[in-house]
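Written below as structure tokens is the structure these notes are about.
Read-outs throughout are calculated quantities, based only on the coordinates presented, and are distinct from any laboratory measurement. Everything numeric in this text was worked out from a predicted model, so none of it was measured. Cβ placement follows ideal geometry from the backbone for every residue including glycine, while neighbour counts extend to all protein chains displayed.
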Amino acid sequence: MTGSMNKKPLLTIKNVTKKFGPIAAVDGIDLDIYENEFFALLGPSGCGKTTLLRMIAGFEFPTSGAILLSGQDIAPLPPEKRPLNLMFQSYALFPHMTVRQNLAYGLEMERLDGQEIRRRVDETLASTDLSELADRKPEQLSGGQKQRVALARALVKKPKLLLLDEPLGALDKKLRERMQLELKRLQHEAGITFVIVTHDQEEALVMADRMAILKSGRLLQVGSPEEIYEAPSDPFVANFIGVMNFVKGTMDSDGSFSAGDYTLRPGNPVKSGPALLAVRPEHVSIATDGQGLAGVISDIAYHGLDRVVHVRTAVSDAPVQVRVEADKGRGLDIGSSVHLTFNAEKCRAFDAAGSVTATEKEKI
Amino acid sequence: MSYNAARPNLLAAPAVLWLVAFMIVPCALILLFAFFERGVFGGIDYNFNFGNFARVADPLYAGIFLRSARIALTAAGLAILIAYPAAYAITRAPASRQPILLFFAVLPFWSNYLIRTYAWIVLLNREGLVNNLLQALGYHGEPLSMLYTEGAVITGLVYNYLPFVILAIYSTLSRLNPELIEASRDLGAGPVRTFLKVTLPLSLSGVAAGGVFVFILSIGNFVTPALLGGGRFQMVGNLVYDQFLSANDWPFGAALGMVLITLMIVLLMFQAHMTARASGETKGANADA
């Protein structure tokens with residue numbers, strides 16, 4: 001893990017705000033990114049993640065705040081003077097140049113001698129499995145190949161920091177899953193810090209060492225995928241990462257939460273009053289009799305490895321999703337009454353302030 | 001046979017008929033005339049030979065061809081030099097303001113070609129606006145003779161065809177993916193090198209289209225040299241005009257015309273080639289954008 005709090009950060013974002021007219025696309029963000037880290041900026045579209053990335057690259061300038069790279073303020077530097085590279089969402093390969101010329105472009109700008117350029121281009125072509133495509137033009141490449149060329153063109157510059165804007169967005173699902181692991185391997189081999197922007201939470205969970213969740217220009221939570229999945233800081237984060245069930249109820253002063261006649265003690269007690277309880281589908285058990293939260297099965301979705309049972313209850317807006325192993329869910333039928341019990345330790349409680357955010361659940 | 005298999009051909013029929021009747025047939029006739037001789041009292045002697053083409057190569061006429069080509073080339077070059085920065089500036093303007101800027105660039109087109117050319121006579125003659133302005137600014141020498149010079153002809157040609165060139169270059173520049181420019185900067189190229197290595201090469205098809213356009217329309221032009229070049233100034237267009245309407249030597253006029261048309265077709269093919277190459281490139285650049 002990269003719990004490297006004693007290390008010096010490679011990139012420091014200090015209270016950065018970017019306004020377009022009266023609207024703050026990025027609103028007072030503080031963030032440290034460490035060396036050799038695979039960092040993901042995650043959020044729904046319009047959350048400011050791309051604007052933040054473009055400020056780091058030098059294509060937008062912060063309205064206020066500072067961006068430090070290895071302790072040096074890079075705000076006055078134009079993009080071409082920053083020792084970092086950006087991989088564009090559209091890949092932005094130069095259409096009038098071959099793959100080899102695209103890779104060599106960045107090195108020619110450093111005025112390296114021809115032999116050195118050739119050596120480094122060949123080396124990068126080989127490590128990204130592109131040697132055989134070296135003399136093709138971008139128009140002769142598939143989407144996946146273009147993506148690799150765009151990555152190689154940035155890697156060949158050996159930047160301190162590589163920014164990737166939705167790098168896998170244009171690829172189909174199978175290829176995307178393969179490239180997620182491929183990107184991780186390349187990041188590890190090259191020893192370069194990656195900062196990736198994505199709206200795909202699964203992608204962020206698989207690839208990132210640490211991630212930041214953004215919403216409306218603000219930073220909601222920073223942490224490892226596990227921390228964020230297990231202990232989301234608010235209902236929005238809880239809902240954005242993975243599948244989350246929300247149950248409405250009341251928090252008592254003794255730290256117990258009750259919804260209808262079901263009561264339990266969540267891992268994190270909050271102040272007493274109306275509250276929201278969040279629980280993952282894998283932490284809910286279902287039984288046809290006994291105690292627990294009463295409900296009626298509204299849907300059963302078969303996923304191969306498991307079944308997701310949707311249970312309508314009186315205390316949740318959306319049906320509670322329960323994950324059961326495929327062969328254990330056989331006795332359950334749509335319409336039958338069931339009782340749900342939650343793994344109390346894994347439940348997260350949020351106080352009333354959070355419940356406002358939870359209504360946005362449907363929008364995402 | 002399915003109902004729509006033959007229909008596209010039928011739909012094209014009016015256009016095809018039009019082209020055959022008013023383009024192919026007249027061109028074929030001109031081509032045919034070029035191989036005959038002028039009759040003693042005008043008209044045509046149907047005596048097949050290559051004499052007219054030999055005459056085109058005569059230094060007197062070849063010289064006029066070369067001068068026309070030089071003037072057309074200068075006009076095309078100047079038009080590109082003026083139009084490129086203008087088109088570039090328009091693409092950099094906010095998207096909401098681009099249509100109005102283009103409208104102003106094209107505005108002169110809405111007035112008559114002859115009027116626009118006469119306007120230059122008003123501007124350039126010895127008592128014209130330009131000379132008056134110079135005197136008002138303190139110039140007391142002999143008024144400048146700007147009218148009826150090669151410079152006046154080139155000025156008129158550039159002025160008349162400039163909007164086409166602005167449009168042609170604008171259309172390629174505005175289709176350029178702006179991320180390509182950013183990618184170049186990101187990879188370490190400053191604004192100047194980015195322009196020379198990315199923007200310019202990728203807008204050459206528009207430059208070629210505009211340039212070929214000006215060249216072709218200029219080399220065959222006879223109105224502008226007649227009005228702004230005065231009587232003593234001859235370009236190929238004037239020569240062809242004279243052969244048909246004054247000298248009554250249709251076969252020689254036809255031969256001159258054929259040489260001119262051949263030259264134009266070669267240039268248009270070159271331009272089509274540039275456009276085809278560029279469209280492949282932009283397709284590649286934008287497929288995943």
For segment A:1-99, size of Cβ-based charge dipole, Lys and Arg +1, Asp and Glu -1, in debye
100
Any chance you could run the full-extension gain for A:SER272 through A:LYS173? It's 0.36 nm times the residue separation minus the Cα-Cα distance, nm to one decimal.
31.2 nm
Which cross-chain or sequence-distant (5 or more) residues have an amide H under 5 Å from the amide H of A:LEU220, H modelled 1.01 Å from N in plane?
A:ILE213, A:LEU214, A:LYS215
Could you calculate the contour length gain from B:VAL16 to B:LEU134, that is, 0.36 nm times the residue separation minus the distance between their Cα atoms, to one decimal place in nm?
37.0 nm
List residues of segment B:105-128, by number, whose backbone nitrogen lies under 14 Å from a label position 7 Å along Cα→C-beta of B:SER174.
B:105-107
Note on segment B:30-183: alpha-carbon gyration tensor, axes a ≥ b ≥ c; rule is a/c under 1.5 for rounded, else prolate if a/b larger than b/c, else oblate; result oblate
Once you have a ≥ b ≥ c as the square roots of the Cα gyration tensor eigenvalues for segment A:251-297, tell me rounded if a/c is under 1.5, and otherwise prolate or oblate according to whether a/b is larger than b/c.
prolate
Per the 1/(1 + (r/R0)^6) rule, R0 = 30 Å and r from the Cβ atoms of A:LYS8 and A:GLU189, FRET efficiency to 0.05 is 0.85
Going 7 Å from the Cα of B:ASP45 along its beta-carbon direction, which residues of segment B:216-251 have the amide nitrogen within less than 14 Å of the resulting point?
B:249-251
Listing B:SER218, B:SER205, A:SER285 from the residue with the fewest other Cβ atoms within 10 Å to the one with the most, what is the order?
A:SER285, B:SER205, B:SER218
Shape category assigned to chain B from the gyration tensor of Cα positions, a/c cut at 1.5:
oblate
Assigning unit charges at the beta carbon (Lys, Arg +1; Asp, Glu -1) and nothing else, what dipole magnitude in debye, to the nearest 20, does segment A:9-230 show about its Cα centre?
560
Ranking B:GLY77, A:VAL243, B:LEU17 by how far each Cα lies towards the positive end of the charge dipole of the protein assembly as shown (+1 on Lys and Arg Cβ, -1 on Asp and Glu Cβ), the top one is B:GLY77
Once the Cα atoms of helix A:143-155 and of chain A are each reduced to a long axis, what angle between those two axes, in degrees from 0 to 90 to the nearest 10, is obtained?
60
Can you sort A:THR288, B:THR74, A:THR63, A:THR124 by how many other beta carbons sit within 10 Å, fewest first?
A:THR288, A:THR63, B:THR74, A:THR124
Per the helix-only model, the protein assembly as shown has a calculated mean residue ellipticity at 222 nm (DSSP H runs of ≥4, -39500 (n - 2.57) each, divided over all residues, rounded to the nearest 500) of -14000 deg cm²/dmol
Along chain B, longest interval not containing exposed trypsin sites (Lys or Arg not before Pro), exposed being DSSP loop plus at most 16 other Cβ atoms within 10 Å:
B:127-231
Once label points are set 7 Å from the Cα along Cα→Cβ at both B:ALA276 and A:ASP299, what is their separation, rounded to one decimal in nm?
5.3
Assigning unit charges at the beta carbon (Lys, Arg +1; Asp, Glu -1) and nothing else, what dipole magnitude in debye, to the nearest 20, does chain B show about its Cα centre?
480
Euclidean distance between Cα centres, segment A:251-273 to segment B:1-80, Å:
93
Which loop chymotrypsin sites (Phe, Trp or Tyr not before Pro) in segment B:215-274, with loop taken from DSSP, have no more than 11 other Cβ atoms within 10 angstrom of their Cβ?
none
With θ taken as phi - 60° and the coefficients 6.51, -1.76 and 1.60, list the Karplus ³J(HN,Hα) couplings across segment B:176-182 in order, rounded to whole Hz; mark glycine and proline as x.
5, 5, x, 5, 5, 5, 5
A:SER337-A:PHE20 pseudo-label distance in nm [points 7 Å out on the Cα-to-Cβ vector]
5.4
Karplus couplings for segment A:247-260 from phi (6.51 cos²θ - 1.76 cosθ + 1.60, θ = phi - 60°), rounded to Hz, Gly and Pro as x?
10, 8, x, 10, 9, 8, 5, 8, x, 9, 10, 10, 10, x
Which of A:VAL284, B:ILE261, A:ALA314 sits farthest toward the positive end of the charge dipole of the protein assembly as shown, with +1 on the Cβ of Lys and Arg and -1 on the Cβ of Asp and Glu?
B:ILE261
How far apart, in nanometres, would the label points at A:SER70 and A:ALA344 be if each is projected 7 angstrom from Cα along the Cα-to-Cβ direction?
5.4
Share of antiparallel DSSP beta bridges in segment A:9-230, in percent to the nearest 5?
55
Among B:PRO108, B:LEU124, B:VAL223, whose Cα lies farthest out toward the positive end of the dipole of chain B, if unit charges sit on the beta carbon of Lys, Arg (+1) and Asp, Glu (-1)?
B:PRO108
Per-residue ³J(HN,Hα) for segment B:134-141, Karplus 6.51 cos²θ - 1.76 cosθ + 1.60, θ = phi - 60°, Hz, x for Gly and Pro:
4, 5, 4, 8, x, 8, 10, x
Normalised by the number of residues in segment B:209-257, what is the relative contact order in percent for Cα pairs under 8 Å and 6+ residues apart?
26
List the chymotrypsin sites (Phe, Trp or Tyr not before Pro) in segment B:62-153 that DSSP assigns to loop (not H, G, I, E or B) and whose Cβ has at most 15 other Cβ atoms within 10 Å. Which are they?
B:TYR139
